[in-house]
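A quick write-up on the structure given underneath.
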Amino acid sequence: MSTYYFHYQSDNVLSIMKIFSIYSFLFIYAATKAAIVLEGKTVQTIKGAKVTKVTSVLEGVSRIRCVDVCIHQNRAGNCRTAGYHKSSRTCYLSMHGKRDIVVVSDQTCSVMMIEDERGENVTQWANEVYDFSSEYTQTSKWGAIQLRGEPDAFPNGYGDSGLAWCPSVTNRLEFLEVSFALAVEITGVDIYETWYGGRVTAVKCFENGGYVTLWSGTATGYVEYARIFSPPLNTNCFSDRIRIEIAASYNWVEIDAIRLHGFLERN
């Protein structure tokens, strides 16, 4: 059982104004905002609010359990805010921040924002392709350039798409190396696999002139559905470059995007 230490810091009223242009009415909502310290992390709580983008849902849990799960997933870069509905005892975990919180009249709803002493835990998409082993074509379709930015093949589901990267041949070891706008202490890497996934064998970062292995594994078989592969990382690294190693076999492997999670400050 976990032991929690609470330190009450502030209590004020946050007023949020929303304008609905269709009816030209002005609505002003108020929510109570407070802060506690839980397991060394500051948890900002906004009552009468909810998250609009949800990554996972837990039912039949307490509010403390909801925060606890988010804090543990936050360490892996998988949770930033947790919405809670008291009446139904439902927890809504989210990777999104303040922009995706809305204030509602239901005071049984609340949102807990996780803040870390290392600063903001940011999420970013690859903005440049630093290097790659091969690409199916030198044009934009199936090219390494498709790794830049948010996924555009992934929302369409599993299957061959020119909007994702594909190697030039099968049955060969491949690698992709992408860079990001900000160097961070890496807490998570998401690989958007859209065709014949399950072939990633290593995730590395570039730090101090060399590669640091964040995760390594064995490619066995194929995953025949679109998925976000987020391997558990086993070491620390402060970097803005990620290298993905792939054991492509008899089928075409396609990857749509790579997302990086991490803190702006070193631990």
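Cβ crowding within 10 Å, taken as a proxy for footprinting-reagent exposure, orders Tyr84, Tyr130 from fewest neighbours to most as Tyr130, Tyr84.
Label-to-label distance, Phe175 versus Ala219, with points set 7 angstrom from Cα along the beta-carbon direction: 1.4 nm. Could you give log10 I(q)/I(0) at q = 0.10 Å⁻¹ for segment 122-263, computed by the Debye formula over C-alpha point scatterers of equal weight, without solvent? Values, matching the q order: -0.28. Residues whose amide H lies under 5 Å from that of Tyr158, counting only those 5 or more places away or on a different chain, are Ala226; hydrogens are built 1.01 Å from N in the peptide plane. Sorted largest first, the spans of the alpha carbon positions of segment 101-202 along the three principal axes are 57, 31, 24 Å. Cross-link partners for Lys50 among the aspartates and glutamates, with Cα-Cα distance under 20 Å and sequence neighbours closer than 8 places in the same chain left out: Asp11, Glu59, Asp68, Asp100, Asp106, Glu115. Converting the Cα gyration tensor eigenvalues of segment 188-254 into ellipsoid dimensions via √(5λ) gives semi-axes, longest first, of 23, 11, 10 Å. Each of Trp252 and Asn156 was given a label point 7 Å from its Cα along the Cα-to-Cβ line. The distance between the two points is 1.2 nm.
The label point for Glu59 and the one for Asn127, both projected 7 Å from the Cα toward the Cβ, are 4.2 nm apart. At R0 = 51 Å, how high is the FRET efficiency between Tyr211 and Thr108 if r is their beta carbon distance? Nearest 0.05 is fine. Given R0 = 51 Å and the Cβ-Cβ separation, E is 0.55. Straight distance only, please: which aspartates and glutamates reach the Cα of Lys204 with their own Cα at less than 15 Å, same-chain residues fewer than 8 apart left out? Those aspartates and glutamates meeting the cut-off are Asp131, Glu174, Glu177, Glu185, Asp190, Asp240, Glu245. Taking Cβ atoms as reference points and 15 Å as the exclusive limit, the residues near Ser87 contribute a net charge of +3, counting Lys and Arg as +1 and Asp and Glu as -1.
The numbers here are math on the coordinates, done by the rules we state, and not lab data. These numbers come from a predicted model, not from an experiment. A quick note on method: Cβ atoms are made from the backbone with ideal geometry, for glycine too, and the neighbour counts reach across all protein chains shown.
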